Amino acid sequence: MIKKIFIVLLIAFIVIQFIHPAKNQSGGDQPNAIAKAYPVPHEVADILKVSCNDCHSNNTAYPWYNNLQPVAWWLKSHVDDGKKEVNFDEFASYPPKRVQRKMLEII
């Protein structure tokens with residue numbers, strides 16, 4: 001019985017490897033990026049690039065394990081939640097009140 005359960009789980013694991021979520025990758029210039037509307041010091045831009053942009057921008061650099069399911073689904077959910085909270089590639093399109101609130105939250 002345990003052997004049958006193991007085989008079914010193994011087959012299910014193999015099958016889900018062929019179901020990939022859409023990746024958060026966009027090419028080119030982002031017209032509403034935070035740096036287009038606000039002066040961002042070079043040091044801060046570097047920090048954003050290294051620490052924030054993978055989850056809070058329109059372009060994610062995925063780790064190698066993103067090719068394994070269900071990890072890719074979890075990462076997609078994580079990135080979607082991060083972009084919903086604040087997206088630095090869409091920051092210039094936010095209303096002024098939201099910009100002020102997000103800046104205070106970031107600080």
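Each value in this text was obtained by applying a stated rule to the coordinates, not by laboratory testing. Just so we're clear, the structure is a prediction, and the values are computed from it rather than from any experiment. Neighbour counts run over all protein chains shown; Cβ positions are idealised from the backbone, glycine included.
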Within segment 18-107, which chymotrypsin sites (Phe, Trp or Tyr not before Pro) sit in a loop by DSSP and count at most 15 neighbouring Cβ atoms inside 10 Å? F18
As I understand it, the dipole of the chain uses +1 on the Cβ of Lys and Arg and -1 on the Cβ of Asp and Glu, about the Cα centre. Which of L48, S93, I2 lies farthest toward its positive end? I2
Using alpha carbon centroids, what distance separates segment 1-64 and segment 91-107, in Å? 23
Beyond 21 Å between alpha-carbons counts as too far, so tell me which of K4/K76; K76/K97; K36/K83 fall in that bin. K4/K76; K76/K97
Cα→Cβ-extended label distance, 7 Å offset, between I11 and W64, nm: 3.1
Enumerate the amide H contacts of V86 below 5 Å, restricted to partners 5 or more residues apart or on another chain; note that Pro and chain-start residues carry no placed amide H. none
